[in-house]
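Okay, structure first, notes after.
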Amino acid sequence: MDQILILGFARTGKAVAKLCSRVGVKVYIYEEDNVDIENKETNIKITGLEYKDISFDKIIVSPGFKLDHHIIKYFQSNNIPVISELEFSAYFSKHEIIAVTGTNGKGTTCTLIAKVLENAGFKSIVLGNIGIPFAELVLDIPLDYKVILETSCAQLSLIDKFHPKISVVTNLKPEHLNFYNSFEEYITFKKNISKNQTIEDTIVLNLDDQVSYALFQESNAKKMYFSTTKTIFDGSYIDKENYLVTVKDGNELKICKKKDVQAGLVDNSLAALIVGNIYSINSTILSKTIKDFKGLEHAIELCGRIEKINFYNDSKSTNEHSTIHALNCLEDIILITGGKDDKNCDYFYLSNKIKDKVKFVFIIGETKSKLQDNFYNIKYENFKICNSLADAVQQASDLATNTDNILFSPAANSKDMFVDHKVRGNLFKKLVAEYLEQKGYESM
């Protein structure tokens with residue numbers, strides 16, 4: 001019987017352990033946090049240096065472990081395969097895989113691709129970094145299902161044979177620099193999504209994102225591009241009449257007007273249109289799907305309206321580039337931003353975008369000091385520090401007039417004040433609903 005060591009026993013580690021038990025693999029667990037190990041008769045917890053005394057066939061790394069961890073270094077130096085859950089799960093899959101990665105927009109793009117396929121009669125399932133690990137369901141997914149995987153940098157950093165039929169790269173921006181040694185290391189791992197693709201496969205790239213465009217030019221896969229600024233002859237773009245257009249083998253399909261697409265979803269829609277076109281889905285289905293799609297919860301989510309004043313919940317924004325994207329999607333913005341200061345980010349680009357685009361900003365959380373210093377340096381005075389999200393929502397709401405858009409986009413992790421971005425976003429929506437009720441309006 002093969003023996004594997006799982007590093008980490010949160011949701012990913014538990015999913016791998018269950019998969020191993022179903023395929024007859026003996027499991028050992030290394031977990032540095034004080035957590036209970038389920039099924040102790042089959043999942044054996046080891047501590048200290050015990051791992052050096054056991055012969056393992058593979059080491060499977062959960063996303064929370066840094067690649068310079070001493071255990072990973074030990075097994076790599078001894079030529080024991082060290083892989084991710086994504087790689088291990090793929091061993092047991094014969095499904096057609098559509099893998100999506102990028103810094104921002106991965107989950108939204110995965111979900112929209114699934115909607116496109118579903119509306120055209122294809123069966124699909126969305127797994128991976130978006131919520132349910134691939135390992136949790138890989139043995140139970142019927143073979144006629146297309147598996148859509150949101151793939152993180154951590155998952156892609158330790159792959160060997162993982163081979164998607166279609167890979168999609170939304171964009172690549174500096175992110176997780178507290179976890180990786182450099183931006184160069186981060187994008188090198190992202191590049192692995194196309195490592196095993198051949199000329200029979202396709203990679204979908206954002207032509208407006210120069211980093212990802214340059215990074216994948218050596219990929220063996222067929223390249224299809226999307227752009228909001230350039231005409232594309234094999235992919236998708238926005239034409240002079242502001243239509244979303246998708247093109248394959250010279251055949252052009254006009255899908256819908258840009259104004260019919262939910263705020264913030266144009267890039268995601270263009271990427272999904274390419275996938276739809278690869279599967280020869282007709283323009284009527286594509287158009288209806290794109291128009292009907294409202295995005296993911298907590299991602300530029302319209303959650304309230306008083307006459308012409310809109311409230312948007314973008315709590316899913318955990319980096320400055322995501323918030324910059326949200327700012328580019330709206331006008332007349334009153335911004336609420338701020339969160340945990342844990343990403344070695346100076347917020348220089350965001351601060352200048354705020355100066356150019358935002359009428360007033362209310363700041364919460366640990367990042368308030370950096371943002372405040374930046375605003376002083378660039379001579380931007382339309383900001384205020386708030387002690388709580390409730391205080392910020394109240395003041396932003398009282399300030400708003402005419403057609404203002406109140407946008408909550410933190411540009412940071414939530415862990416300074418909240419358990420996660422969902423709790424943070426749900427509180428914002430609750431506060432908005434309470435404000436609407438005070439003013440005699442119904443919540444959305």
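The values are calculated or read from the model by the stated rules, or taken from the named source; none is laboratory data. Small disclaimer: the values here were computed from a predicted structure and weren't measured. When we count neighbours, we look across all protein chains shown, and the Cβ atoms used for this are built from the backbone with ideal geometry, even at glycine.
In this structure, does SER93 turn out to be of a type in the set (Gly, Ala, Ser) and over 26 Å from SER55 (Cβ atoms)? So that I can check it myself, show each step before the final result.
Values: of a type in the set (Gly, Ala, Ser): yes; over 26 Å from SER55 (Cβ atoms): yes.
Yes.
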| said: So for the range 270-277 (the condition being of a type outside the set (A, V, I, L, M, F, W, C) and surrounded by fewer than 21 Cβ atoms within 10 Å (Cβ to Cβ)), does at least one residue qualify? | reply: no
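Please pick out the residue among LEU302, LEU296 that is at pLDDT below 95, touching a helix residue (DSSP H, G or I) at 6+ places or on another chain (Cβ under 9 Å) and surrounded by fewer than 21 Cβ atoms within 10 Å (Cβ to Cβ).
Values: LEU302 fails: touching a helix residue (DSSP H, G or I) at 6+ places or on another chain (Cβ under 9 Å).
Sole residue among the options that is at pLDDT below 95, touching a helix residue (DSSP H, G or I) at 6+ places or on another chain (Cβ under 9 Å) and surrounded by fewer than 21 Cβ atoms within 10 Å (Cβ to Cβ): LEU296.
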| request: Hey, could you check the range 209-224 for residues that are within 15 Å of LEU172 (Cα to Cα) and touching a residue at least 24 places away in the same chain (Cβ under 8 Å) and say which is surrounded by the most Cβ atoms within 10 Å (Cβ to Cβ)? | output: SER212
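Any chance you could count how many residues in the range 122-140 are within 14 Å of the chain's Cα centre (by Cα) and surrounded by fewer than 17 Cβ atoms within 10 Å (Cβ to Cβ)? Walk me through it before giving the result.
As a first pass, look at the range 122-140 and keep what is within 14 Å of the chain's Cα centre (by Cα): 126-132.
If we keep only those that are surrounded by fewer than 17 Cβ atoms within 10 Å (Cβ to Cβ) too, we end up with 131-132.
The number of residues fulfilling the criteria is 2.
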| message | Could you list, ordered by first residue, the pairs with Cβ atoms under 8 Å in which the first is in the range 372-384 and assigned to a loop (DSSP other than H, G, I, E, B) and the second is hydrophobic (A, V, I, L, M, F, W, C), at least 6 apart or interchain? | response | TYR380/ILE354; GLU381/PHE375; ASN382/VAL358; ASN382/PHE360; ASN382/VAL361
| message | Quick check on my filter: what residues within the range 236-260 are surrounded by fewer than 20 Cβ atoms within 10 Å (Cβ to Cβ), of a type outside the set (Ser, Thr, Tyr) and over 15 Å from SER280 (Cα atoms)? | response | ASP239, LYS240, GLU241, ASN242, LYS257, LYS258, LYS259, ASP260
| query | Checking GLU320 against (1) acidic (Asp, Glu); (2) surrounded by fewer than 24 Cβ atoms within 10 Å (Cβ to Cβ); (3) at pLDDT below 95, which single condition isn't satisfied? | reply | (2)
| query | Wholly within the range 15-121, which helices (runs of 4 or more DSSP H) include no fewer than the required count, namely at least 1 residues that are under 23 Å from the mean Cα position of the chain (by Cα) and within 19 Å of THR151 (Cβ to Cβ)? | reply | 85-90, 106-119
| message | Being more than 29 Å from ASP314 (Cα to Cα) and in contact with a strand residue (DSSP E or B) (Cβ under 7 Å, 6 or more places away or on another chain) is true for just one of GLU252, GLU218. Which residue is that? | response | GLU252
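Mind checking which residues of the range 226-235 are surrounded by 14 or more Cβ atoms within 10 Å (Cβ to Cβ), without any contact (Cβ under 8 Å) to a residue 40 or more places away in the chain and within 24 Å of the chain's Cα centre (by Cα)?
Let us first name the residues in the range 226-235 that are surrounded by 14 or more Cβ atoms within 10 Å (Cβ to Cβ), namely 226-228, 232, 234-235.
Now drop any that are not without any contact (Cβ under 8 Å) to a residue 40 or more places away in the chain, which leaves 232, 234-235.
Matches in the range 226-235: GLY235 only.
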